[in-house]
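The values are calculated or read from the model by the stated rules, or taken from the named source; none is laboratory data. Because the structure is predicted, anything quoted here is derived from the model rather than measured. Methodologically, a virtual Cβ is constructed for each residue, glycine included, from the backbone with ideal geometry; neighbour enumeration extends over all protein chains shown. When the accessible area is computed, the model is the full protein with side chains, heavy atoms only, and any ligands, DNA or RNA have been set aside. Shrake-Rupley method; radii C 1.70, N 1.55, O 1.52, S 1.80 Å.
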Amino acid sequence: MQTTLKLLLSTIALFITLQLYGQSNEYAKQKEEKLSKPSPFEAIVNGSEKREIFYEDKYVVAFKPLKDQAPLHFLIVPKKRINTLNDVNKKDVKRLGHLFLAAAKLAKQFGVDESGYRVAMNTNEDAGQSVFHIHLHLLGGKKLGPMTNQIQEEKEK
């Protein structure tokens, strides 16, 4: 009897934890729908959507996003779709390395390698991932400031 009660309480605790720290139902539904179709980046990678390509090698391709978030902004995308950073495996190591090599080459080519630039990858809801095909943002061309709200962080201490 106690074993059954412990199992039930453990299950309830796990459910509550997932509800508190998991994805919202709305986000999970949108994510599931997006995962059921090709990502918008796949059309760029396979050439069916014409975009100016600023960098390409065997593993990755880089292009401008639809909306710039800095004077210099590129998306660097692996040619193989990987939904989130959580889905990366050992076979993807070379591909991920090429994301960063491409970022460094583009930063040098566009003159922000010495002044500074940021690379960022969002994973799931709290980080704002909206396209489920991992991609590295390369941002530069101005002082970008902190990545998070430092005032909020100090309040949480």
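Roll a 1.4 Å probe over the protein chains and send me the accessible area per residue for segment 57-115 in Å².
Using a 1.4 Å probe on heavy atoms only, each residue of segment 57-115 averages 58 Å².
If a/c stays under 1.5 just call it rounded; otherwise compare a/b with b/c (prolate if a/b is bigger, oblate if not). Do that for segment 69-146, with a ≥ b ≥ c from the square roots of the Cα gyration tensor eigenvalues.
Oblate, since a/c reaches 1.5 and b/c is not below a/b.
For the pair Gln109 and Lys50, what calculated FRET efficiency results from E = 1/(1 + (r/R0)^6), where r is the Cβ-Cβ distance and R0 = 22 Å, to the nearest 0.05?
0.55
Hey, any idea what % of segment 41-98's accessible area is carbon plus sulfur with a 1.4 Å probe?
That share works out to 52 percent.
Round to the nearest 0.05 the FRET efficiency obtained for Asp57 and Ser36 when R0 = 30 Å and r is the Cβ-Cβ distance.
Once the sixth-power term is evaluated, E becomes 0.55.
Can you give the three extents of the C-alpha atoms in segment 20-157 along their principal axes, from longest to shortest, in whole Å?
So the three principal-axis extents are 42, 38, 30 Å.
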